[in-house]
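Q: Dropping the structure in here first, questions after.
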Protein chains: 2
Amino acid sequence: MPTLLLDKKRCLANIERMALKARANRLSFRPHFKTHQSAEIGNWFRDFGVSAITVSSFRMAAYFTEAGWNDILVAFPFNPGDIEHLNRLSEKNQISILIDNRETLPLLKPITKKVCFYIDIDTGYGRTGVKSESVAQINKIIRDSQSNSNLEFSGFYCHAGHSYKAFSAMERDEIHLKAIADLEHLKKYFLEYSPKVLYGDTPNCSTRENFDGVDEITPGNFIFYDLYQHILGSCNLEDIAVAMACPMVGKYPDDQRLLIHGGAVHFSKESVHIEGRPRYGQLVNPTEWGWESPVRVQFINSLSQEHGILENCGEIFERIEIGDMLHFVPVHSCLTANLMRAYHTLEGEIITTLNS
Amino acid sequence: MPTLLLDKKRCLANIERMALKARANRLSFRPHFKTHQSAEIGNWFRDFGVSAITVSSFRMAAYFTEAGWNDILVAFPFNPGDIEHLNRLSEKNQISILIDNRETLPLLKPITKKVCFYIDIDTGYGRTGVKSESVAQINKIIRDSQSNSNLEFSGFYCHAGHSYKAFSAMERDEIHLKAIADLEHLKKYFLEYSPKVLYGDTPNCSTRENFDGVDEITPGNFIFYDLYQHILGSCNLEDIAVAMACPMVGKYPDDQRLLIHGGAVHFSKESVHIEGRPRYGQLVNPTEWGWESPVRVQFINSLSQEHGILENCGEIFERIEIGDMLHFVPVHSCLTANLMRAYHTLEGEIITTLNS
């Protein structure tokens, strides 16, 4: 069976690095827990002074309140269908939500406890949020919200996710500098409300030194990183803290092709284009204490439901025998972890998640 | 929360159509259960005379033996790491396995009960299997297997999965005709062993009338179908028996963009290219008793972990309000069902799966 391995030492190093960076820049640190979805892994953050978290659904929020977290931002535009979940969780916890339109505000009338909200700001990603230029609309959202005494405007939230599509340093610079400048402008413009600015995807939080105007960072993926982040330049291959162990079950000499048991239901179908082709994971070398960078670059070239295919494997082809386990760093650790639903640490412990 | 809806009437019609087709062509019918992964849905096949099934892992095999199936083919090249699972399941059940190399045979020495095996044949897909031209290698596998009295050669298995990449009828014709001809040739060549021929992915089983030489068909996806199968021509949009219901939570007038709660952890990241762009699902119209084909073609244009985005929604944009549920047929129903882990029938029943 394919197994998701977790290198706890690397996780802790990744958390520490980000926590130190937050401290050095006088930023609060509200990590996104959608990546690991695990109460036990969540606890590792406490030693680094973390007390507030980000999640992306009320299901996750409920799970993490059970695990003792009581300051949670649900960073997904609020769905009025979740009003009962919001009320239930708000009774004993500080739940914050995201708003990016006026239509949702009247639907929040039935909230029974104080709820903080952030306005989701779009600085160019084009997924969710009010455009950062639309000051009038932002103003209307804030004004409308004031008719509900349980609703409190807390500030601005921005996920500059277009940084995930920017493979050149110059593009990434532009995206980050525009986001920071736009948010700083909004902060000054709406100064009377003392808005907090929440910002920070993993690529930007991992590589940037300038966070002027930002109050709090909310990255998630950095705890594990993955092949995609490595290609983006967010991390070294040695920082990646999860790997899939998959049995090799077929050898095809004609094209030096290897078959692994490890497919879309294990890795997810997320791919990253390298040399013009989609890749679904990269082979790494197992060691006594985990895994290390490979001597030869070898990707997973295709995936179906349970099958993974490696092509043109060169000298690796001869070395590997049927039944051997191969190790791979996944393209997108969040989706892989969501599918695998449990982690096997290098010390032999099994760590469960929300989905276990 | 996104919910996976299931139209049981359509499922039963899809099963019946395939069962009748098998009967009309004098073929045994050994449906692949990796699509639904559900004991309850599996039972629906019994009324159509099905008593043997196909799965893709020993985990699935164990689950379905518990559900009362005792003739199971694990249609994945055998992993020697599964020998204990094989022995345990073989005690009370007829478990068949796939072999596509000689190296695995000595590793099967520890089997304790009779196990049938099929030789996986590659007629051009290039994923697994012995090339259909490699008669000498096939012969060696059969000969080698004879030293193990518990191993019984039963015939040939072929999944012509390249039919999934063939979007023209002519290409699909070629793929099918070559597969059928190759298998028929092997059947004759190895006549002394009376080999059975197992064949049949959903596209070919749904659209073909000629199965000369085939003994048993093993399609899986047809029970639900999906957008990919529809684009391939395997089914009508009205045959698709699963749909995702997702709340709409964001409206962005500038580009008539809609945000749904429904992302890669619900649909999977499987896409199909239409008009040169990847699509992740298609909007359908909800009706009193399920859903029907749309009046306007509208796809999901992008997916992240929890977010789905619809662009340029035209008149739909005005009609839909925040909090409304939208219905979508998924691109790949097997992966969506695997992620969602439960079905909600139109009658309000919840059906569990292996992963529930």
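The rows are residues; the columns are (1) more than 14 Å from chain B (Cβ to nearest Cβ); (2) closer than 21 Å to A:Lys196 by Cβ; (3) in contact with a Pro (Cβ under 6 Å, 6 or more places away or on another chain); (4) at pLDDT 95 or above.
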site: A:Ser56; (1), (2), (3), (4): no, yes, no, yes
site: A:Ala62; (1), (2), (3), (4): no, no, no, yes
site: A:Asn70; (1), (2), (3), (4): yes, yes, no, yes
site: A:Asn87; (1), (2), (3), (4): yes, no, no, yes
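Q: In a loop (DSSP other than H, G, I, E, B) and of a type outside the set (Asp, Glu): does that describe B:Ile322?
A: yes
Q: Scanning for something touching a strand residue (DSSP E or B) at 6+ places or on another chain (Cβ under 7 Å), modelled with pLDDT of 95 or more and in a helix (DSSP H, G or I), does the stretch B:304-315 turn up at least one residue?
A: No, the stretch B:304-315 contains no residue that is touching a strand residue (DSSP E or B) at 6+ places or on another chain (Cβ under 7 Å), modelled with pLDDT of 95 or more and in a helix (DSSP H, G or I).
Q: Considering only the stretch A:302-352, how many residues are among the β-branched types (Val, Ile, Thr), surrounded by 21 or more Cβ atoms within 10 Å (Cβ to Cβ) and more than 13 Å from chain B (Cβ to nearest Cβ)?
A: Final tally of qualifying residues: 1.
Q: Could you say whether any residue in the stretch A:212-229 is assigned to a helix (DSSP H, G or I) and either out of contact with any Cys (no Cβ under 9 Å at 6 or more places or on another chain) or among the acidic types (Asp, Glu) (or both)?
A: Looking through the stretch A:212-229, at least one residue is assigned to a helix (DSSP H, G or I) and either out of contact with any Cys (no Cβ under 9 Å at 6 or more places or on another chain) or among the acidic types (Asp, Glu) (or both).
Q: Give me the residue from the stretch A:233-290 that is within 10 Å of chain B (Cβ to nearest Cβ) and part of a loop (DSSP other than H, G, I, E, B) and, out of that set, surrounded by the most Cβ atoms within 10 Å (Cβ to Cβ).
A: Among them, the one singled out is A:Ser268.
Q: Name the residues in the stretch B:117-155 that are of a type in the set (Ser, Thr, Tyr) and either within 14 Å of chain A (Cβ to nearest Cβ) or surrounded by 15 or more Cβ atoms within 10 Å (Cβ to Cβ) (or both), would you?
A: The answer is B:Tyr118, B:Thr123, B:Tyr125, B:Thr128, B:Ser132, B:Ser134, B:Ser145, B:Ser154.
Q: In this structure, is B:Glu270 in contact with a helix residue (DSSP H, G or I) (Cβ under 6 Å, 6 or more places away or on another chain) and of a type in the set (D, E, K, R)?
A: Yes: the conditions hold for B:Glu270.
Q: Can you report the number of residues in the stretch B:116-172 which are within 13 Å of B:Phe190 (Cβ to Cβ) and in a helix (DSSP H, G or I)?
A: Within the stretch B:116-172, residues that are within 13 Å of B:Phe190 (Cβ to Cβ) and in a helix (DSSP H, G or I) number 10.
Q: Here is a follow-up. Which residues, taken from the stretch B:102-116, are within 14 Å of chain A (Cβ to nearest Cβ) and either over 20 Å from B:Leu73 (Cα atoms) or surrounded by 17 or more Cβ atoms within 10 Å (Cβ to Cβ) (or both)?
A: B:Glu103, B:Thr104, B:Leu105, B:Pro106, B:Leu108
Q: Could you grab the pairs with beta carbons closer than 7 Å, sequence gap of 6+ or different chains, first residue in the stretch A:137-160 and touching a residue at least 12 places away in the same chain (Cβ under 8 Å) and among the β-branched types (Val, Ile, Thr), second one in a helix (DSSP H, G or I) and exposed (fewer than 15 other Cβ atoms within 10 Å of the Cβ)?
A: A:Ile142/A:Tyr193
Q: Here's another thing I want to ask about it. Quick check on my filter: what residues within the stretch B:94-116 are more than 15 Å from B:Glu152 (Cβ to Cβ) and touching a helix residue (DSSP H, G or I) at 6+ places or on another chain (Cβ under 6 Å)?
A: B:Arg102, B:Leu107, B:Pro110 - these are the residues of the stretch B:94-116 that are more than 15 Å from B:Glu152 (Cβ to Cβ) and touching a helix residue (DSSP H, G or I) at 6+ places or on another chain (Cβ under 6 Å).
Q: B:Asp201 - would you say it is within 23 Å of B:Leu232 (Cα to Cα), surrounded by 21 or more Cβ atoms within 10 Å (Cβ to Cβ) and touching a residue at least 40 places away in the same chain (Cβ under 8 Å)?
A: yes
The values are calculated or read from the model by the stated rules, or taken from the named source; none is laboratory data. Given the structure is predicted, the values throughout are model-derived calculations rather than measurements. Cβ coordinates were reconstructed from backbone atoms using ideal geometry, including for glycine residues, and neighbour counts include every protein chain displayed.
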